[in-house]
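Working notes, structure below.
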Amino acid sequence: MYDLSKEFNTFYEEHVKLPLNEQQELRKKRDLNLERLRSGLAEYNSENKKEYKIAETRTQGSMAMHTTVQNDQKDYDIDVAVVFEKDNLNGLGPLAARNMVAAALKKKCKSFNVEPQVKTNCVRIVYADGYHVDFAVYRRYKENSSDTEYKYEHAGSSWTSRNPAAINDWFCDEIKEHGDNLRKVIRLSKMFCKSRSFWVKMAAGLIQTVVCDEKIQSYDRLDEGFYYTMKEVYNRLEGSIEVKNPTDSTISLLQTEEHKTKVSNWKNRLGEKLAVLEVLFDDDCTKVKAKDAWYKFFNHNFWYEDTSAFVESASLSKSYEVRRSFRNTEQFIEDDYIMDEQYMMRLKCIISRNGFREAPIPEFLKRCLGGRLPHGCSIDCTMEWTDAPSYDKVLWKVRNIGRLAEERDMIRGQIEARGTKIHEHSDFYGSHYIECYLVKGNRCIAVGHVEIPIDNE
């Protein structure tokens, strides 16, 4: 198979994997709408003399599993389980429970073009720019007072036994077994399914995840691993399009004819586009032919061969390499821990400087010219709140970005255990950031992030 692994890896990192700013945008929208729900629920209770109270929340789906991919249309799913105590719902049926959640959200979502929608399996908030938040409603209970574990039921067409953590737990186990290449292949599969705007009916992310996991092929090169996995996926779907819930094999993930149509479309289009990759195995295959084949597969301009552009890019790259003398010390949490971002965390960042009144960073920035911190500020960042019931470690990452940090060989980015509060200074111009990670066992279960924009003096 023609080796375009270098280009393929670049494509994955720059055009498939969700960038840091988009990841943070998803977290912001999740947290904001959970706060809307809690606030709206308090108002709903006051007006209706009720005492509904959220017992727990849990991030689900691609956001929790870190399999979300880039999307020009910003069509990103944010899936959150909202759990009530069964007794607290006072016999509400599943539809009534979803209606109650929707009514609470409507009180705080009046600026939206579309009101929160009651779907069969969730309550949905739709943003005009493409994002949408799905609140799946659950209830929990203990059969016996001595039980240590809850039983969970999902509010669908009926109350159905379903643990909101089950899919995430299964996926984490699969990542542990197969490594992070499984996540990469899933992201690439999703990218393929989103590669044409007219492909409106393609297999859902969970279905792709389950089938890719079934047929994952182990190769050192990502381009080979992806290709051979897709070949096996196609052959598997040629035999049967049925896909079972990985946590309960008695349940089909294809509940409707539309679900079946979407999987069939995935199979057919995968077969069609895999055929264009056959050129990669020709003895006379060239780089131009190989790039053209991947262009036809992914329909992405990254693969479009433009000689002048590549000459310019190569020149810039060489110039950069001459300038780049700093050590790449950045570490990534997903390299050491399984990403299972099911809980939330809030960071509090207090800024102080001589001549200025101490204040949280949003307030401090309002006083600063251009909305950037001056040099010479003290930065105290604290893990203020989390809904994670327990964790083993608190880890921090401080990343300096920009020319000055590179010239001084101070990009940092190491992940370190520093307690629940860290102290920093505004030394370098640029849009830096601080991240905090909660770790439970071998999983990262929550991520906090704060931007630190620093001015140039």
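Rule-based calculations on the coordinates, nothing more; no lab input. Since we're looking at a predicted model, the values are computed, not measured. Glycine gets a Cβ as well: all are built from the backbone with ideal geometry, and neighbour counts include every protein chain shown.
A simple packing score, the average count of other Cβ atoms within 10 Å per residue, orders the peptides 423-429, 387-393, 292-298 as 292-298, 423-429, 387-393, with the highest score first.
Ordering of 265-278, 431-444 by packing is 431-444, 265-278, highest average first (other Cβ atoms within 10 Å, averaged per residue). Near LYS244, once Lys and Arg are set to +1 and Asp and Glu to -1 for all other residues with Cβ below 15 Å from its Cβ, the sum equals -1. Taking a ≥ b ≥ c as the square roots of the eigenvalues of the Cα gyration tensor, an a/c ratio of 1.5 or more together with a/b no larger than b/c marks region 159-230 as oblate. On full extension, the segment bounded by TYR141 and THR286 gains 46.0 nm, given 0.36 nm per residue less the C-alpha separation.
Applying 1/(1 + (r/R0)^6) with R0 = 30 Å to the Cβ-Cβ distance of GLU416 and SER111 gives a FRET efficiency near 0.15. Among the GluC sites (Glu not before Pro) in region 211-253, those located in a DSSP loop and surrounded by at most 13 other Cβ atoms within 10 Å of their own Cβ are GLU242.
The structure shown yields Kirkwood radius over Cα pairs in Å, and of the options (1) 26.2; (2) 29.0; (3) 24.6 that calculated value carries the label (3).
A protection proxy built from the mean count of other Cβ atoms within 10 Å ranks the segments 174-181, 353-360, most packed first, as 174-181, 353-360. Every helix of 4 or more DSSP H residues in the chain counts as -39500 (n - 2.57), and over all residues that averages to -11500 deg cm²/dmol at 222 nm. In a reduced charge model with +1 at each Lys and Arg Cβ and -1 at each Asp and Glu Cβ, the chain shows a dipole moment near 1500 debye about its Cα centre.
Projected label points at ASN99 and SER264, each 7 Å from Cα along the beta carbon direction, are separated by 3.7 nanometres. Which entries of LYS119/LYS194; LYS176/LYS440; LYS244/LYS296; LYS184/LYS231; LYS17/LYS194 show an alpha-carbon separation above 20 angstrom in the structure shown? Where the Cα-Cα span goes over 20 Å, the pairs concerned are LYS119/LYS194; LYS244/LYS296.
Taking every DSSP bridge with both residues inside region 65-201, close to 60 percent are antiparallel. Using the Cβ-Cβ distance between ASN354 and THR382 with R0 set to 25 Å, the FRET efficiency from 1/(1 + (r/R0)^6) comes to roughly 0.70. Let me know the shape class of region 16-164, please: from the alpha-carbon gyration tensor, a ≥ b ≥ c as square roots of the eigenvalues, rounded when a/c is under 1.5, otherwise prolate if a/b is greater than b/c, or oblate. It comes out oblate by the Cα gyration axes.
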